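What follows is a short report on a single structure.
The values are calculated or read from the model by the stated rules, or taken from the named source; none is laboratory data. Keep in mind that this is a model prediction, so the values were computed, not measured. With ideal geometry, Cβ positions are generated from the backbone for all residues, glycine too; neighbour counts draw on all protein chains shown. Quick note on the areas: whole protein, heavy atoms, side chains included, nothing else; ligands and nucleic acids left out. Shrake-Rupley method; radii C 1.70, N 1.55, O 1.52, S 1.80 Å.
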Amino acid sequence: MKGPLFYSKILLFGEYGIIKDSKGLAIPYNFYNGALKIDENPNEIAQKSNKSLKTFATYLNELMLNEPDLVQFDLNALNKDVDAGMYFDSSIPQGYGVGSSGALVAAIYDKYATNKITVLENLNREKLLILKKIFGRMESFFHGTSSGLDPLNSYLSLPILINSKDHIEPTGIPLQKEAGKGAVFLIDSEMVGETAPMVNIFMDNLKNEGFRNMMKLQFTKYTNLCVENFLKGDFKTLYQNTKEISKIALNHFKPMIPEKFHNVWQQGIDSNDYYLKLCGSGGGGYILGFAPDFEKAKNALKDYKLELVYRF
């Protein structure tokens, strides 16, 4: 048995900001994917995944009992497949901010939810919010709390524009230019990041009035501008606004940036060769980069592993 593929995602803009109702833009990242699978001779990783699915199935049973009107699953079929050794065969790195648990949640919903909302129907705002809520509850098993956006992105495999918590919609993004000089890229920090501790630091910071004002007056402002610039294909202005977000992150989100990247981060701001920002909650995993000239950025960051995401 091998199920359909579900892809990783990248939140280009909106990390932490969407908690405080800034805009956000998430895109599928097809470089990584995962699928539900049953093998004759599962390896150690497959066995570990299968064990996790067993616990997840128990959690989904509780979710159905607690919120029967929200979602129902064919648990008999799920338990039967889990007993047969089903696991999530995934190339998506865990703790890297690219939605590993999101793809798994999307795969389980797709295969086992009864009366599911499908990708083929007319996805109005109400259906998208229901899906987001279901996915948020499902993914809470992995993170403690979840917005549901990662699984939604993986399930729809479309770019998603987050206008606010209650207003999300699929969107189109400018076509990539294969020969374009500019690029969005990822840097591998070679460290695993954990979402929950980073989010806890952020929530603690929100108790401070100065931090709250910074989020409202600076971070949200520049995040919203970046989303608008990107969707319009106004990349010249996008770089200016991404630079502002990069500065804000270095000043106010330092615990979320691995220490060995503090200088590299500042060098990008000083040289204008590239601008770095958090990818997901930070603390490790990937760091997101924007470069007006990708060749220049590659040269400046030659000591690090880079992955190209998007060219313009």
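Using all pairs of distinct alpha-carbon atoms, the Kirkwood hydrodynamic radius of segment 184-304 works out to 14.8 angstrom.
Against the main long axis of the alpha-carbon atoms of the chain, helix 235-252 sits at an angle near 80°. Think of it as helices only: each DSSP H run of n ≥ 4 in the chain is worth -39500 (n - 2.57), and spread over all residues that comes to -14000 deg cm²/dmol at 222 nm. Restricting segment 155-207 to chymotrypsin sites (Phe, Trp or Tyr not before Pro) that sit in a DSSP loop and have at most 10 other Cβ atoms within 10 Å of their own Cβ leaves nothing.
Heavy-atom accessible area for Glu194, with the other protein chains in place and a 1.4 Å probe, reaches approximately 130 Å². With every protein chain left in place, what is the accessible area of Tyr286 in Å² (1.4 Å probe, nearest 10)? Counting only protein heavy atoms, the figure is 10 Å². Comparing mean-square fluctuations of Ala297, Ala46, Ala84 from a GNM of the chain with C-alpha springs under 10 Å, the top value falls on Ala84. Find the percent of Cα-Cα distances in the chain that exceed 36 Å, and round it to a whole number. Within the chain, distances greater than 36 Å cover 18 percent of Cα pairs.
Of the residues Lys9, Lys260, ranked by 1.4 Å probe accessible area with the largest first, the sequence reads Lys260, Lys9.
The lysines within cross-link reach of Lys80, meaning a Cα-to-Cα straight distance under 25 Å and a gap of 8 or more places when in the same chain, are Lys2, Lys37, Lys48, Lys51, Lys54, Lys111, Lys116.
Report D for segment 62-108 in µm² per second (integer): Stokes-Einstein, Kirkwood Rh on Cα pairs, 10 °C, 1.306 mPa s. Translational D for this selection: 126 µm²/s.
Going by accessible surface with a 1.4 Å probe and the largest first, Leu78, Leu231, Leu175 read Leu175, Leu231, Leu78. Short-range pairs are left out: with C-alpha atoms under 8 Å and at least six residues apart, the relative contact order of the chain is 23 percent. Restriction of the GluC sites (Glu not before Pro) in segment 64-143 to DSSP coil positions whose beta-carbon has at most 12 other beta-carbons within 10 angstrom yields Glu121. Apolar share of the accessible surface for segment 27-117: 44 percent from carbon plus sulfur atoms, 1.4 Å probe.
Accessible area per residue for the chain, computed on protein heavy atoms with a 1.4 Å probe, is 47 Å².
Shown here for segment 1-108: GluC sites (Glu not before Pro) in loop regions (DSSP other than H, G, I, E, B) with at most 15 other Cβ atoms within 10 Å, namely Glu40. Accessible surface of segment 250-307, 1.4 Å probe: 41 percent of it comes from carbon and sulfur atoms. Taking all protein chains together, Phe13, Phe211 sort by accessible area into Phe211, Phe13, largest first [probe 1.4 Å]. With respect to the chain, whose longest principal axis is taken over its alpha-carbon atoms, helix 220-232 is tilted by about 80°. Residues whose amide H comes within less than 5 Å of that of Phe13, counting only those at least five positions distant or on another chain, are Leu25 (H built at 1.01 Å from N in the peptide plane).
Coupling constants for segment 116-125 follow from the phi torsions by the Karplus curve (6.51 cos²θ - 1.76 cosθ + 1.60, θ = phi - 60°), and in residue order they are 6, 7, 9, 5, 7, 7, 6, 7, 7, 4 Hz; glycine and proline get x.
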